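Participant: Got a structure here, written out as C-alpha cells. Questions coming.
We did not get these values from a lab; they are worked out from the coordinates using the rules stated. All values derive from a computational prediction rather than experimental measurement. No Cβ is skipped: glycine too gets one built from the backbone with ideal geometry, and neighbour counts run over all protein chains shown.
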Number of protein chains: 2
Amino acid sequence: MESYRLVATGGRLETMAYAAAQASIGDSEFDRDTTVTARADESGVYDAELSAGWTIITAVNGGYLLALVGRALSAALPHPDPFTVSAHYLTSSVPGPAVIRTEVVRIGRTLSTGQASLFQYDENGAEIERIRVVASYGDLAALPDDVRTTAVPPAFPAYEDCLGPEAGPAPIPGSNAIVDRLRLRLDPATAGWAVGAPSGKGEMRAWFELADGRDADPLSMLLAVDALPPTCFDLGLMGWSPTIELTAHVRRRPAPGPLRISITTRNLAGGFLEEDAEVWDSAGHLVAQSRQLARAPR
Amino acid sequence: MESYRLVATGGRLETMAYAAAQASIGDSEFDRDTTVTARADESGVYDAELSAGWTIITAVNGGYLLALVGRALSAALPHPDPFTVSAHYLTSSVPGPAVIRTEVVRIGRTLSTGQASLFQYDENGAEIERIRVVASYGDLAALPDDVRTTAVPPAFPAYEDCLGPEAGPAPIPGSNAIVDRLRLRLDPATAGWAVGAPSGKGEMRAWFELADGRDADPLSMLLAVDALPPTCFDLGLMGWSPTIELTAHVRRRPAPGPLRISITTRNLAGGFLEEDAEVWDSAGHLVAQSRQLARAPR
C-alpha cells in the first residue's frame, strides 16, 4: 500500500506543476464539447454538436459519445450520476450536428432509469441512429462510505516513468485529434506495440487526464473507459476494433488528480474480444469498471 | 490441462448415468417455460407465462427472465444467437402472464440489434415494465474458429466432489422453486456460508445443468449466468441482492455436458457490488461472460 501512495504522490506533484493552466469542471474543453441543449418545443430532446476534436482517423470516439449521451440523461433524469450505463453502438459517428432523444423509463427513490439514442442526419436530413443507451442513475454523494472491496490497484509505474506523446511517435498511428485532448501516459510494459513489440498479453495501462487539466468526474469517466489504445494492439493485432456494446459502472466520485486505467482482454476468440477496464483515482479507490464487446481487427 | 480433462470426463460420466431421463433442446422444462407466442395482430409482440417454477422466495429469477426475453428477440431478429445482451431490471416479476414487446433497431450483415421490454399487468390490466433489454444478435455457428484466449478455466473440484442438494440443507435459504429446476453442485470452497462460515472472498463456483438434463445452449446460458447463489453470501452478507443491470456476452455455442460457472465480486462498496461470471463448457471453452451491478443486502 505504501508504494502505491508514493506513486499517487508522484502523480499529484506532476499535476501541481501545470496547475496554472488547469481548467475546471464545468469550464473546460470536455464540458464545452459535451454540451447538450434542450429543445424548447420537444421535451427530453437535446441538440449537440459532435466535435472534430475527439476523433480517431475519421470516427468520433465511442467514449466521448457515451459522455455526451450521459450528460443528456443527467439532464433528463432526477438523479445526477450514471451508476450503470449500457450502450450499443449501431453506426459510426462523424463530427457535426446530432440530436439525443431521451425517455424516462422509471423513477425510483434511489435510482432512476432512462433510455437515450443519439442520431445524426443523412443527406436528406433523415435521422440515423448512432448509439442506443439504457442507464440507471443515482446520487454518488448519497452512497454510504462502506468499502469492502478485495480489488487492489494494478501495478503501475510512477507517472513520470510512463510514456507520453513526447516519448516518440504518436502512440496511436494515423491522424488522431483525440490525442491532443488527453494527457495519456502509457505503462511502457503495454506500449511495446508502438515499436513493433507487443507483449501478447492483451493489456493496456495508462495514467489518464484531460489535456487542459480538468479533474475527472462521473461523466468524464464514461469517456475514460474507452479512450486508451485498444488491447488488441498489445496482442499484435493492429487495426480497427469497433465497439459493439459497452457497459460502464461508475462506483464512486473520483478524487482530484490523474486516474489510472487498466484494461485487460482475456478472451479473443471467434473474431470478437472483450475489454475490461477499471479506473482508479488518485486516492486509491476503484471508481469505475467497464466491459465492452468489440470486433477483432480483420 | 490434463487434470482439467479428467474433471470434465468425470462430469460426462455422471451425465451418462442419468441419460435415460435426459430432456433435449427444444423439448424440456426450460424450453416449455420460456415459450413465447407471437400475437397475430401485433407484429413483434409476444405473450408469455412466467412460471412459478423459477422463483426465489416470491420473485421470478432474473436469469430466467433474461432467457425468456432472449427467446423473443431471437424470434424477432434475423440472427439467431445473443452475442451481447444488456438488461436493466426495473420492478420485481411475479409468476403469471407477461407480454414482451420487441423492436428491431438495426439489421446488419453479421449482427442485428434489437430492444425488448417485458411487462406484466397491474390490478387494472395496465402494463408494468419489469425489464428492458437491448441486445445484439449474430450467428455463433458462422464465427471463425480462432481462439487466442489467455483465460484459463477456474480451479474447480471434480463434479462428484461438489455439493448438491443431497449434501444437506437447501443451499439457498427459504422456499426456492428454482432449486428443483437446476442441478447445481457448489464448490465446497464457496459453500461455507450455508453452514455459517463464508470464505469472505466474494466467490461462487458451481457445476450447472438443468434438472432434466437438457444440454446448454445460448439461451440457457442467459439463465445460467444469474442462477447461482449470490456472491455476497460468500462475503457474509445474507439477504436479498437485487440486480440493477446485467450484461451477458455469449461467445461460443457450448458443448454438451455440464457447465462450470465461476462468479467473483471484487468491489463491494457504497451499497453496491458487481458480479462477474464466466461460463466454461465441458470441452474447456470459455462460452459466456457476464457482469451485473447489484445492490448489497441491507
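Participant: P(r) for the protein assembly as shown, please, calculated from all Cα pair distances in 10 Å bins and given in %.
Facilitator: Over the protein assembly as shown, the share of Cα pairs per 10 Å bin runs 3, 17, 28, 28, 16, 6, 1, 0 percent.
Participant: Follow-up. Distances from A:M238 to the same position in the other copies: list them in nm, one decimal, shortest first, using label points 7 Å from Cα along Cα→Cβ.
Facilitator: Result for A:M238, in nm, nearest copy first: 5.8.
Participant: Decide, for segment B:33-139, between rounded, prolate and oblate: order the square roots of the alpha carbon gyration tensor eigenvalues as a ≥ b ≥ c, take rounded if a/c falls under 1.5, and otherwise choose prolate if a/b is larger than b/c, else oblate. Working shown, then result.
Facilitator: Numbers: a/c = 2.02, a/b = 1.57, b/c = 1.28.
It comes out prolate by the Cα gyration axes.
Participant: A further question on this structure: When you take every Cα atom in chain B, what is the radius of gyration, and what is Dmax, the widest Cα pair distance, in Å?
Facilitator: That works out to 18.5, 60 Å for Rg and Dmax.
Participant: Just in segment A:78-112: which trypsin sites (Lys or Arg not before Pro) are loop by DSSP and have at most 12 other Cβ atoms within 10 Å?
Facilitator: Answer in residue order: A:R109.
Participant: Still on this structure, I have one more. Please identify, among A:A126, A:A227, A:A194, the residue showing maximal mean-square fluctuation in a Gaussian network model of chain A using a 10 angstrom Cα cutoff.
Facilitator: A:A126
Participant: Scan chain B and report its longest stretch carrying no GluC sites (Glu not before Pro) that are both in a DSSP loop and have at most 16 other Cβ atoms within 10 Å. Before the final figure, lay out the partial values.
Facilitator: Numbers: sites that count: B:E42, B:E123.
For GluC sites (Glu not before Pro) (loop position, at most 16 other Cβ atoms within 10 Å), the longest site-free span of chain B is B:124-298.
Participant: Another one. Along Cα-to-Cβ, 7 Å out, sits the label point; list in nm, shortest first, how far the one on B:P165 is from those in the other copies.
Facilitator: The answer, with the shortest distance listed first, is 6.2 nm.
Participant: Shape verdict for segment B:86-190, please, from the Cα gyration tensor: rounded (a/c under 1.5), prolate (a/b greater than b/c) or oblate.
Facilitator: Here segment B:86-190 falls in the oblate category.
Participant: Got the A:E127 label distances to the other copies yet, label 7 Å along Cα→Cβ, in nm, shortest first?
Facilitator: Relative to the other copies, A:E127 has label-point distances of 1.9 nm.
Participant: Return the long-range amide H neighbours of A:R183 (sequence gap of 5 or more, or a different chain), with a cut-off of under 5 Å between placed amide H atoms.
Facilitator: A:E209, A:L210, A:A211
Participant: Grab the other residues whose beta carbon is less than 10 angstrom from that of A:L140, score K and R as +1, D and E as -1, and report the net.
Facilitator: 0
Participant: Taking the Cα-to-Cβ direction at A:N124 and at A:I57 and moving 7 Å from each Cα, how far apart do the two end points lie in nm?
Facilitator: 2.9
Participant: Rounded to the nearest 0.05, what FRET efficiency do B:V147 and A:R39 have when you use their Cβ-Cβ distance and R0 = 51 Å?
Facilitator: After rounding to 0.05, the efficiency reads 0.60.
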